[in-house]
Every structure is written in structure tokens, then in C-alpha cells.
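Before I ask anything, let me first share the structure, which is written out below as C-alpha cells.
The values are calculated or read from the model by the stated rules, or taken from the named source; none is laboratory data. Only a predicted model underlies this, so the values are computations on that prediction, with no experimental measurement involved. Neighbour counts run over all protein chains shown; Cβ positions are idealised from the backbone, glycine included.
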């Protein structure tokens, strides 16, 4: 079999679609692989920042050749650890997106530009440079405010370093979010109540609060299945979820998605694009996207080569690192939109969905299951919407399995 870098990637079809699309940019490098992480992240002794900057810009150029009429609705630098990226690279990417997909009067704060950051003191010192580069929203991966938990989670920072980084972030950005992981081994309701209360005291506009899950292929997966630790059972996890909703709502950051909480108007616009089934372009190794196809409501799902070195070779050789390109018809896109939209607290407006994809929701879902879920109190009874109740939201995956035909 020929080397991957010598095999031409699938041909990107040109599209005259005019409309918004979110832009995701993946930086794949980390200082250390966290034991719970199943993202496309890699540890490397050296990274050629000049080479990576040129490749990210070139892949944007290639997508822009085929989709010249998109308008960027947001940019999100994810990873990996994007705060290991040189600010010059961040600036170059933002400016290239602006050049191809920005409105002619696009100002600094006209679209949301988010960068994920780890709270080591070195990276925190770069926050001003990222703000100067055009980033206007920062998401800090704190994960816990307790040192023993951070050690268990394999994080390289201490709780004190995390709080110092959060202060630097708030000094440089108006919009600041941070992540915490809960439903951890031996965590009690009172433990979580204290930690979350402390987190809410920092007055950020957004919090991402994730229950610890065990993903296949991670270090935690093997440890968990060897009995090295246990997680809260279903009832305990539900109680932790209830406390999370209670405290964040009282603090003025109600949930707008299963794991995300924000002050009104401070929701992540980029992630809302995913959950609402909008178009998005994935740039960088392992990135995924949904790009416009010619027929109404359809899209091409694209996936980029995952291994950083292979992606780099492909972009330098062919202009883009696309590994897979699959046509998704309007009916399948409606299924995706239902699955993602049910994550939102506000759920899905059925008429809007049907207008976008040209089909009927009743042809996609089991009406019998819908009635049963309404009767059991897991699904809201509003006939114009599909929306989970508070009781149903922790059981999202189970409900989707019942609902989708």
C-alpha cells in the first residue's frame, strides 16, 4: 500500500452555497496526554511552528477555493492544547478566515473567536498576545479546584495555578469560560456542592461542567476495567446533576445544554452551531466538518487525517488533509439535528427543522416512544417542539435510542 502522503485526498466539490458556517481549527499537541482524554492529542518533543502555521493557512485557502461564499459565524481553536500555539499562528489563521469568509465590515468583536487554554503559568502569560491576535473568548481547562483530584486526572497544574490563570484570563477577555469534571470516584454531593459554589464565586459568564465518562482507548478505560477505581452509580450521578442545575440556576448561569451553563446571551455561539445542525468546516488533523452539498438540506461530512505528521505532509502535497468525504442526504442530516438538538435545554422547534431539511419529523421518530416518554415525564408535551424535561436530560443517550426509528 502506498504511503498516505502519496495518495491523493478525495476531491472537494465546489459549492455556491451562500450562508454562515462555523470554523473549527484543531491544534493536536499537548505537553501530556490526560488519562481520561480520547481527543486527537499528541505529545511531541518539537513542533515546527512556521511549518504548522503555513499548513493551517493553506488548508483554509483550499476550502475557501471550493466554498468561497461562506460567511464565518465563529472560529474555535480546539485541541490538544491550543494555548501551546504561537500567537502569531493564531493571528494568521484568524486573518485568513477573515480574508476569505469575513464580511467586508467585520470588526474585531463581530464574531466569536474562542481559544481553549490550559492554566499553566507559562501559557497564562500568553493570554494578552492571544487577545491582540483577535481571540475574544477564552475557555480554560481547569477541571478541578482540588489538588488531589487534579493529580488523579493527570493534570500538570495545581489549583493555585488554575486560579491565577483564571484571573489573567478575566483581565484580558470579557468572555471567559472554564471546565470542571464531576461525578468522580468517591465524590459526595456535599463535596461537589462546595467545589461548584467556589467555582461560581469567580463570576465567569460561562461554565462547562462534565460528568467523568470512561472512553475506550484511554488510560482510564483500562484502569476502570481492572477495578482501580469506581464511579458514582446512576442514582448518585443523577443527584449530582440535580445539584449542578440547582446551583448554576441560582447563580444566574442556567443550563442551556446538557453540560453547559451560561448567563443569558453568553452561550457558546460556536457550539450552538453544532447542536443546531448548522454547517461547519474542520481545519487541522482529525478535524471534522459538515460542508454544503448541492441538494437542499444535504451536506458532505469530511474528516481530516488524524496523525499530525501525516496531515502536514498531505496539506503540503495536496493543499488539504482530507481523509474521508461522505455525502449525507437531508433525511440523515435531520436525524443528526434531532440527536444534537435534544442536548439543548430549549430543544428543537419542529417546523424549523422540517423547513431546513424538507422532511417530516414524524417519519424520523417513533411516535409510540414519543408518547411513552411524555407519559413518563422524560419528554415535554409541547406539540411544536421536541424537548427533554429536567428528568430526561441526564438520560439523553437512552432516550435517543428509544426515539429515533
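How do the pairs read when you match residues in the range 100-118 that are in the same structural domain as residue 270 (by TED's automatic domain parsing) with residues anywhere that are surrounded by fewer than 13 Cβ atoms within 10 Å (Cβ to Cβ) and at pLDDT below 95, using Cβ under 8 Å and keeping only pairs 6 or more apart or on different chains?
Once the first residue is in the same structural domain as residue 270 (by TED's automatic domain parsing) and sits in the range 100-118, its partners that are surrounded by fewer than 13 Cβ atoms within 10 Å (Cβ to Cβ) and at pLDDT below 95 give 110/103.
Which condition does residue 150 not pass, out of (1) under 28 Å from residue 221 (Cα atoms); (2) modelled with pLDDT under 95; (3) assigned to a helix (DSSP H, G or I), if it passes all the others?
Every listed condition holds for residue 150 apart from (2).
Hey, can you tell me all the residues within the range 155-185 that are part of a loop (DSSP other than H, G, I, E, B) and touching a residue at least 24 places away in the same chain (Cβ under 8 Å)? Write out each step before concluding.
So the first thing to find is which residues in the range 155-185 are part of a loop (DSSP other than H, G, I, E, B), and the list is 155-158, 173-174, 183-185.
Hits for the range 155-185 are 155, 156, 157, 173, 174, 183, 184, 185.
Right, another one. May I ask you to list the residues in the range 222-261 that are in contact with a strand residue (DSSP E or B) (Cβ under 8 Å, 6 or more places away or on another chain) and without any contact (Cβ under 8 Å) to a residue 60 or more places away in the chain? Explain how you work it out, then say what you get.
Initially, the range 222-261 is screened for residues in contact with a strand residue (DSSP E or B) (Cβ under 8 Å, 6 or more places away or on another chain), giving 237, 240-241, 244-245, 248-249, 253-257, 259-261.
Matches in the range 222-261: 240, 248, 249, 253, 259, 260, 261.
Additional query: Restricting attention to the range 329-353, report how many residues are touching a helix residue (DSSP H, G or I) at 6+ places or on another chain (Cβ under 7 Å) and in a loop (DSSP other than H, G, I, E, B).
Going through the range 329-353 one residue at a time, the tally reaches 3.
Let's see how each residue does on (1) closer than 22 Å to residue 244 by Cβ; (2) surrounded by fewer than 19 Cβ atoms within 10 Å (Cβ to Cβ); (3) modelled with pLDDT of 95 or more; (4) not assigned by TED's automatic domain parsing to the domain that holds residue 260:
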position: 336; (1), (2), (3), (4): no, yes, yes, yes
position: 341; (1), (2), (3), (4): yes, no, yes, yes
position: 344; (1), (2), (3), (4): yes, no, yes, yes
position: 362; (1), (2), (3), (4): no, yes, no, yes
position: 377; (1), (2), (3), (4): yes, yes, yes, yes
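Collect the residues in the range 379-405 that are under 14 Å from residue 331 (Cα atoms) and either surrounded by fewer than 13 Cβ atoms within 10 Å (Cβ to Cβ) or under 23 Å from the mean Cα position of the chain (by Cα) (or both), keeping them in residue-number order. Show your work before the answer.
Of the residues in the range 379-405, the ones under 14 Å from residue 331 (Cα atoms) are 404-405.
Passing the criteria: only 405.
Please tell me if residue 356 is at pLDDT 95 or above, under 23 Å from residue 20 (Cα atoms) and outside any loop (DSSP other than H, G, I, E, B). If you could, list the steps in order and put the result at the bottom.
Numbers: at pLDDT 95 or above: no; under 23 Å from residue 20 (Cα atoms): yes; outside any loop (DSSP other than H, G, I, E, B): yes.
In short, no.
Moving on. Give 97, 57 a once-over and let me know the one that is part of a helix (DSSP H, G or I), touching a strand residue (DSSP E or B) at 6+ places or on another chain (Cβ under 8 Å) and either surrounded by fewer than 21 Cβ atoms within 10 Å (Cβ to Cβ) or modelled with pLDDT of 95 or more (or both). It would help to see each step written out before you state the result.
Working: 57 fails: touching a strand residue (DSSP E or B) at 6+ places or on another chain (Cβ under 8 Å).
Being part of a helix (DSSP H, G or I), touching a strand residue (DSSP E or B) at 6+ places or on another chain (Cβ under 8 Å) and either surrounded by fewer than 21 Cβ atoms within 10 Å (Cβ to Cβ) or modelled with pLDDT of 95 or more (or both) holds for just one of 97, 57, which is 97.
For the range 119-147, name all the residues that are farther than 25 Å from residue 267 by Cβ and without any contact (Cβ under 8 Å) to a residue 40 or more places away in the chain.
122, 147
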